[in-house]
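To start, the structure under review is shown below, and the notes come after it.
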Amino acid sequence: MSIHPVPEPPDAARAVGALIAPVVACLRGDDEGLAILLAGTCEAGDAPAVVRAAPAIVRVYLRLAPPPDSAEGIVREFPDAARERFGDPELVTLGMECLHVARVPESIESMARAVFVDDAMAYGDRHALESAVATCWWCALQSSRLRDVDPIAEAAAICGYVARVA
């Protein structure tokens, strides 16, 4: 029995919102806003739940990407784009893991997501969050470009959708 109260995990909607907000900051090129949002999530202790939401968000973006090769292209181009934007090889590694979890069959997705979160959190809250944001940012940017839609407006719609089904 713990003598310290364990904070309640955020619900799916809060976790998705806490992930989409820095993704939007990233889409806008607002690095200061991104840093503030990540720090707030870390301070609140919500990082594991927010990281857990990333594969669900990525899954939606990959499914929206038009065939025949768009989802494959998003995954294939992620490492170079993330390295260029964020400059961190570990972030790229974690992002690739998130992309893989987003693409596993739904029958094992829950288990794969739990393993992903455990692995990601071993890097620390901030780093795990940055990798989740980087992965969702790339998927949002590319998927929306391929379909010629505004990535920020779409992020708001996807946030609502994923919050309902996460």
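The values are calculated or read from the model by the stated rules, or taken from the named source; none is laboratory data. Being a predicted model, the structure only gives us computed values, none of them experimental. Reconstructed Cβ throughout: ideal geometry from the backbone, glycine too, with neighbour counts over all protein chains shown. Heads up: the accessible areas ignore ligands, DNA and RNA and are worked out on the full protein's heavy atoms, side chains in. Shrake-Rupley method; radii C 1.70, N 1.55, O 1.52, S 1.80 Å.
How about segment 115-141: which of its residues are closer than 15 Å to A102 by Cβ and over 14 Å from the mean Cα position of the chain (by Cα)?
V115, D119
With segment 89-152 as the region, which helices (runs of 4 or more DSSP H) entirely inside it contain at least 2 residues that are surrounded by fewer than 24 Cβ atoms within 10 Å (Cβ to Cβ) and among the polar types (S, T, N, Q)?
106-121, 125-147
Out of segment 36-65, which residues are of a type outside the set (K, R) and open to solvent by 40 Å² or more (accessible area, probe 1.4 Å)?
I36, L37, E43, A44, G45, P48, L64
Within segment 110-124, identify whether any single residue is without any contact (Cβ under 8 Å) to a residue 60 or more places away in the chain and within 22 Å of A21 (Cβ to Cβ), and answer yes or no.
Yes: one or more hits.
Among the residues of segment 90-138, count how many are under 19 Å from G73 (Cα atoms) and among the acidic types (D, E).
The qualifying residues number 1.
Residues that are at pLDDT 90 or above and within 19 Å of V101 (Cα to Cα): find the helices (runs of 4 or more DSSP H) completely inside segment 1-77 holding 1 or more of those.
In segment 1-77, 12-28, 47-64 are the helices (runs of 4 or more DSSP H) which contain 1 or more residues that are at pLDDT 90 or above and within 19 Å of V101 (Cα to Cα).
Please give the number of the condition G33 fails out of (1) in contact (Cβ under 8 Å) with a residue 12 or more places away in the chain; (2) closer than 18 Å to A155 by Cα; (3) not basic (K, R).
Answer for G33: the failing condition is (1).
Which ones in segment 133-166 are modelled with pLDDT under 95, closer than 25 Å to D11 by Cβ and touching a Gly at 6+ places or on another chain (Cβ under 9 Å)?
Across segment 133-166, the qualifying residues are C159, A163.
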